[in-house]
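Asker: Structure provided below as structure tokens; questions to follow.
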Amino acid sequence: MANLRITVTRMHFGLHFVFLIIVSSIYGNHTLDSGKSSSSPSTASSSSSNSSSNVPTLTLSPDETMSHFVNQSRMVGCTSSDPDVKLRWRNPKNAIIADAKGRVHVEQFSGASLMLIFEAIVRSDQGNWTCETDTEGGKPVRKKSFKMIVNEPISFRDTRTVQTAIEDKDATIRCEVRGHPEPSVSWSFNGQPLFPPNGKYTMLADGLMIKKVTKNDAGEYTCKAFQVSTTGSSFEEKTIRLNIKHKPYFIHRGTYGSRNVTYGYVGGMVNLTCEATAEPPANFTWSANNKKFSHKSHHIFTANHISMLQIMIKNSTAFGKYRCEAKNELGTISREIQLKEGTKPDPPSRFQLRGVNSDTLDIDVGATKSHDVEPDHSTIIGYRFELIPTEEYGKYRSWERANRRDFDVEDGVTYLLVHLIPDTKYLIRVAARNAAGLSDWTEVKEFSTHPLQPHGFNSGRGAPGRLATSAMVALMATVVAALQF
């Protein structure tokens, strides 16, 4: 019975102590009955109690496994049930943390608590961190650990948003994706997904390789990274503009006749145009008869990917062959343009107003386009209009401020001069255009736009130009029908 009472009085130590004491009681009874023990029951109970009190318990707060991102901070406390016991922390490599300052250090708090403090978590912090008793004299060591899981968010290393490749060579678009867990990477080109590996593209650890790049490979590539972990998922992307360095290539516009033949006439002016795409942009030079032209002696206008040589044809010696050369670090190309003598066109034979509203003038110049005769360099291919408010012309007495409108020729059409000022007088002149250049101007005529009408009457936005004429015809038809009735 004494042994049973001892078991009841030890209940406050916890179930594991109860279990130990019950086992001790049973063992004590056994020894008494067998006569093999000289110690009394009370002595055995006292010995078991002293042994339990010498082993302190440890508590971690928080004690669960937690995931953190790099550069985050964390603090974990270790508390002993025995305030007289010293504590210490070990890292995943089993080294003791003794520093009181630094990125990872320990701090002693009130009571028997030792705090482990992470000021900025790094990837190498992942693993099991252990708190243990720092005992002396052969006393048993108590330990308790927690697991640190360190996630690294998606980041792009050495990934410039504009990259360059060279035509006809293999190239790598650099996109080095970092993160833990390791992200999955996919690619798209100008919004369309790519599915490497194939004959053109190969996925690399630090980017995307393109076999033998061409000009058509220039554009926007998107590097997409997906990361999935036990605590969640994330997605990031980086768009990279790939420019292709290449030698010059001529750009040909759809103009009359051969691209390498231009017409002009004595007394006129002609522009010889040379347009070439290149990366880096090409430098243009002009020459004739193996003699290079300079900006000082000739009118040369150069912009990005285009150069224009303007020639005033004073006499027939201006006709002949001219050479344009486009050059960059990757290559040189040239083309020959032949300037031939053509025919100066006649001004339009017709120039009259067909319709008008508040912001539009409808002009008839007698345009015709023959479908039976093969066009040549003398065929009219378009018209140029110049217009200026009469009041403005009266101030400056010059057509330099006039608005210029160019139209291609179409069979039987009239030309709409739109976006004009309501209730305004305009001075207008017209010239015809063929392959050799412009005709002389017609005589100047003055036409006026209508005043702006209230909405719903004639705003001039619906059917421009002919609207007034059509409305008048409809009104006359209605009147005639009424009279007949």
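Asker: So, in segment 282-296, of the ones that are assigned to a loop (DSSP other than H, G, I, E, B) and open to solvent by less than 60 Å² (accessible area, probe 1.4 Å), which residue ends up farthest from GLY267 (Cα to Cα)?
Answerer: Top of the filtered list is ALA282.
Asker: Could you grab me the full set of residues in segment 297-318 that are β-branched (Val, Ile, Thr), within 20 Å of TYR263 (Cβ to Cβ) and surrounded by 13 or more Cβ atoms within 10 Å (Cβ to Cβ)?
Answerer: ILE311, ILE313 - these are the residues of segment 297-318 that are β-branched (Val, Ile, Thr), within 20 Å of TYR263 (Cβ to Cβ) and surrounded by 13 or more Cβ atoms within 10 Å (Cβ to Cβ).
Asker: Answer yes or no as to whether LEU242 is of a type in the set (A, V, I, L, M, F, W, C) and modelled with pLDDT of 95 or more.
Answerer: It is true that LEU242 is of a type in the set (A, V, I, L, M, F, W, C) and modelled with pLDDT of 95 or more.
Asker: Just checking: which of the strands (runs of 3 or more DSSP E) contained wholly in segment 82-185 hold 1 or more residues that are within 30 Å of LYS215 (Cα to Cα)?
Answerer: Once the strands (runs of 3 or more DSSP E) in segment 82-185 are filtered for at least 1 residues that are within 30 Å of LYS215 (Cα to Cα), what remains is 143-157, 162-166, 171-174, 176-180.
Asker: Have a look at ASP423, ASP408 and point out the one that is within 29 Å of TYR265 (Cα to Cα) and open to solvent by 50 Å² or more (accessible area, probe 1.4 Å).
Answerer: Selected residue: ASP408, the only one of ASP423, ASP408 that is within 29 Å of TYR265 (Cα to Cα) and open to solvent by 50 Å² or more (accessible area, probe 1.4 Å).
Asker: What is the one condition in (1) within 30 Å of THR239 (Cα to Cα); (2) free of Cβ contacts under 8 Å to residues at least 40 places away in the same chain; (3) out of contact with any Gly (no Cβ under 8 Å at 6 or more places or on another chain); (4) surrounded by 14 or more Cβ atoms within 10 Å (Cβ to Cβ) that ALA171 does not satisfy?
Answerer: (2) is the only condition that ALA171 fails.
Asker: Return the residues of segment 174-197 that are loosely packed, with under 15 Cβ neighbours inside 10 Å, under 15 Å from the mean Cα position of the chain (by Cα) and polar (S, T, N, Q); say none if nothing qualifies.
Answerer: ASN190, GLN192 - these are the residues of segment 174-197 that are loosely packed, with under 15 Cβ neighbours inside 10 Å, under 15 Å from the mean Cα position of the chain (by Cα) and polar (S, T, N, Q).
Asker: In addition: In segment 427-440, which residues are open to solvent by less than 10 Å² (accessible area, probe 1.4 Å) and touching a Ser or Thr at 6+ places or on another chain (Cβ under 7 Å)?
Answerer: VAL430, ALA431, ALA432, ASN434, ALA436
Asker: Right, next: Does ASP170 count as at pLDDT 90 or above, of a type outside the set (S, T, N, Q) and out of contact with any His (no Cβ under 8 Å at 6 or more places or on another chain)?
Answerer: yes
Asker: Looking only at segment 328-352, which residues are more than 51 Å from the chain's Cα centre (by Cα), open to solvent by 40 Å² or more (accessible area, probe 1.4 Å) and over 17 Å from ASN271 (Cα atoms)?
Answerer: ASP346, PRO347, SER349, ARG350, GLN352, listed by residue number.
Asker: Residue check, VAL228 against (1) open to solvent by less than 50 Å² (accessible area, probe 1.4 Å); (2) among the β-branched types (Val, Ile, Thr); (3) touching a residue at least 40 places away in the same chain (Cβ under 8 Å), all met but one. Which one?
Answerer: The single condition VAL228 does not satisfy is (1).
The values are calculated or read from the model by the stated rules, or taken from the named source; none is laboratory data. Here the structure is a predicted model, which means the values were calculated and not measured. With ideal geometry, Cβ positions are generated from the backbone for all residues, glycine too; neighbour counts draw on all protein chains shown. Keep in mind that these areas ignore ligands, DNA and RNA; they rest on the heavy atoms of the full protein, side chains included. Shrake-Rupley method; radii C 1.70, N 1.55, O 1.52, S 1.80 Å.
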